[in-house]
């Protein structure tokens, strides 16, 4: 066997359908597009969501709600999570740089401290926002909370 006598296995390949190449091909005449109508014309392409002239679904349904452009999205960190982080990485101060360095949050994300769970150690915490109960709990353990406005 050499390169010049290689052939695909019998039945594994099929000739492509050559459309519009005369009646003898079996695909001449209307070129498999049927007779008349929008889809038989050249250059036809249906728009996304087009339902044949019927009012499309996205236009039949009512509009609802709105998107607040001033919304600030925070990553929530509970006291329980802060305790886990300080235990795992032996930290006495948790700031944004240490959270990013340990892969807990991304650089551009904003962090808010929430009061779910227990805190058993003195921590100096730096975050973008903090709930009143979380602040109370951190200060009750002798820690400090510093808010950043970045």
Failed condition for residue 149, given (1) surrounded by 12 or more Cβ atoms within 10 Å (Cβ to Cβ); (2) modelled with pLDDT under 95, with all others met?
(1)
Does residue 116 satisfy being touching a helix residue (DSSP H, G or I) at 6+ places or on another chain (Cβ under 8 Å), within 15 Å of residue 85 (Cβ to Cβ) and at pLDDT below 95?
no
Any residue at all in the stretch 129-145 that is under 30 Å from residue 21 (Cβ atoms) and not in a loop (DSSP other than H, G, I, E, B)?
no
Residues being more than 25 Å from the chain's Cα centre (by Cα), over 18 Å from residue 128 (Cα atoms) and assigned to a loop (DSSP other than H, G, I, E, B) - total across the stretch 63-113:
3
Identify, from the list 56, 62, the residue that is at pLDDT 95 or above and surrounded by 10 or more Cβ atoms within 10 Å (Cβ to Cβ).
56
Pairs only if they're at least six apart or on different chains, beta carbon under 9 angstrom, first in the stretch 50-68 and closer than 30 Å to residue 38 by Cα, second part of a loop (DSSP other than H, G, I, E, B) and modelled with pLDDT of 95 or more; list them, first residue then second.
50/56
For the stretch 88-103: of the residues being surrounded by fewer than 17 Cβ atoms within 10 Å (Cβ to Cβ) and touching a residue at least 24 places away in the same chain (Cβ under 8 Å), which is nearest to residue 71 (Cα to Cα)?
95
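The values are calculated or read from the model by the stated rules, or taken from the named source; none is laboratory data. Just so it is clear, the model here is predicted, and its values are computed rather than measured. Counting neighbours? That spans all protein chains shown, and the Cβs are built from the backbone with ideal geometry, glycine included.
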